[in-house]
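Heads up, the thing below is written out as structure tokens.
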Amino acid sequence: MDSKPSDQPAAPGAGGAPAGPAGEVPLRRTVRDALKIVIVGGFGVGKTTMVGSVSEIRPLSTEEVMTEVGVGIDDVARVSDKRTTTVAFDFGRISLDDHRVLYLFGAPGQQRFWFIWDQLFSGSLGAVVMVDTRRLEDSFYPLDRLEHHRMPFVVAVNRFDGPGPQPSLERVRDALSLPGNVPLVDCDARLRESCKGVLITLVRHLATLHDPTALQEAAQ
């Protein structure tokens, strides 16, 4: 996917922690709990871009330049401008408050790296499934694996500039056979605020699953 992380600088950490020399936010000494979230999806759907856009630190990325070795293995027909690919995982961090921090792990999208997914799922509270409406069929495997692991997730439709109109969220939900209780949202993986909105949706979804009354109280 031809998209780049947002140039908007990361905001200071919870409680106004000063940014580091590269605009990064240091981990607060008061942090007690670390929460793990995994971002999955098909090849070139925008997972690396999302981690880079929203992370308050310079993300750890295992992006490598694509070579002739991947010809016939990685399908780049509909992501022709893509020149790099994740070969392990991407890693980023967001401070939720003085005591909690969220760690983001972006999973590789190519089938030959799917064996890494089960390891990334270990210890995760939930997941974000990134969807490209041009290649909805690439979302079937991520959804299947998450359901197999019984891991809560939300689905984020990565909207980007492309030819022709894009399907509505209702059509995407029908195409993916998503249950009504699974949150489905629009996002732009290049924009920090948009990615934050996706993560907030996931955190609220997790809170609702752990406390069924939370949604009713939030609506009042």
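Listed highest first by mean packing, meaning other Cβ atoms within 10 Å per residue, what order do 127-138, 165-176 come in?
Going from most to least packed, we get 127-138, 165-176.
I'd like to compare 36-49, 143-156: which one has the highest average count of other Cβ atoms within 10 Å, and what's the full order after that?
Details: 36-49: 26.1, 143-156: 17.9.
Highest mean packing first, the order is 36-49, 143-156.
Around residue 145, what is the net charge, scoring Lys/Arg as +1 and Asp/Glu as -1 over all other residues with Cβ under 14 Å from its Cβ? Could you put the intermediate results ahead of the total?
Numbers: positive: 150; negative: 118, 138, 144, 147.
Here the charged neighbours net out to -3.
Suppose the chain between residue 36 and residue 137 were pulled fully straight at 0.36 nm per residue; how much longer would it get relative to their current alpha carbon spacing?
On the way: separation 101, 0.36 × 101 = 36.36 nm, distance 2.64 nm.
The span from residue 36 to residue 137 would gain 33.7 nm if fully extended.
Between residue 200 and residue 99, what's the calculated FRET efficiency when r is the beta-carbon distance and R0 is 25 Å? Round to 0.05. Present the calculation step by step, with values, prior to reporting the outcome.
Values: r = 18 Å, r/R0 = 0.71.
So, using R0 = 25 Å, E works out to roughly 0.90.
Each reported figure results from applying straightforward, stated rules to the coordinates on display, with no laboratory input. What you are looking at is a predicted structure, and each value in this text was computed from that prediction instead of being measured. Quick reminder, even Gly has a Cβ in these numbers, built from the backbone with ideal geometry, and neighbours come from all protein chains shown.
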